[in-house]
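The values are calculated or read from the model by the stated rules, or taken from the named source; none is laboratory data. Note that the structure is predicted; figures quoted are calculated from it, not measured. Cβ atoms come from the backbone with ideal geometry, glycine included; neighbour counts cover every protein chain shown. Note: areas computed on protein heavy atoms with side chains; ligands, DNA, RNA excluded. Shrake-Rupley method; radii C 1.70, N 1.55, O 1.52, S 1.80 Å.
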Amino acid sequence: MFSKKESKQLREQFWTSFGKSFPRKWMLYRTGISGIILKFHFDLTKVMVSLDLEGVDDDRQQYLWEKLVSLQSILQTEYLPDAFYHPDFPLESGKSIQRIYVQREGLSIHDKDSWQRAMLFLRDHMALLEEFILEYYEYLDS
């Protein structure tokens, strides 16, 4: 068991190490498509890469979700076969969002032995998600 301070230090060490290992400018909040945000996540039980719909009005969010659902077979065939579409994903804050994500269970940010596998998962899956966004940018942004 780690204290909050130790846990925070491990998280900071991981993300600093990830940035140094893969020095690249990730798209993340700069997709260029209002309402679409890409995120990295690593906690005590899993590592995840996600495409979240948030920060726009409900009509825009639903419009984007319908477009992403129409591209589901392409995303899962050509980019991320394990992608899961969740139309009502609950966040810790109690808010729900629409999320498309891939994750790998059994890796912990508190276990430095799992960091390399987590970093490779994050790098490889985010690169594929970014390729998907770039390929279908015009369709999603229209």
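Points to keep in mind about this one:
- Measuring only protein heavy atoms, the 1.4 Å probe finds Val69 accessible over about 60 Å².
- Qualifying trypsin sites (Lys or Arg not before Pro) in the stretch 22-117, where qualification requires a DSSP coil assignment and no more than 13 other C-beta atoms within 10 Å, comprise Arg24, Lys25, Arg30, Lys95.
- Separation in nanometres of the label points that stand 7 Å from Cα toward Cβ, at Arg24 and Tyr63: 3.1
- Relative to the longest principal axis of the Cα atoms of the chain, the long axis of helix 58-70 makes an angle of roughly 90 degrees.
- Per-residue extension of 0.36 nm, minus the Cα-Cα distance of Glu138 and Ser7, leaves a gain of 43.1 nm for this segment.
- For the stretch 1-59 and the stretch 106-134, distance of Cα centres in Å: 10
- In the structure shown, the pairs Lys46/Lys67; Lys20/Lys95; Lys5/Lys25; Lys8/Lys39 are assessed against 23 Å; a Cα-Cα span above that value is assigned to Lys46/Lys67; Lys20/Lys95; Lys5/Lys25.
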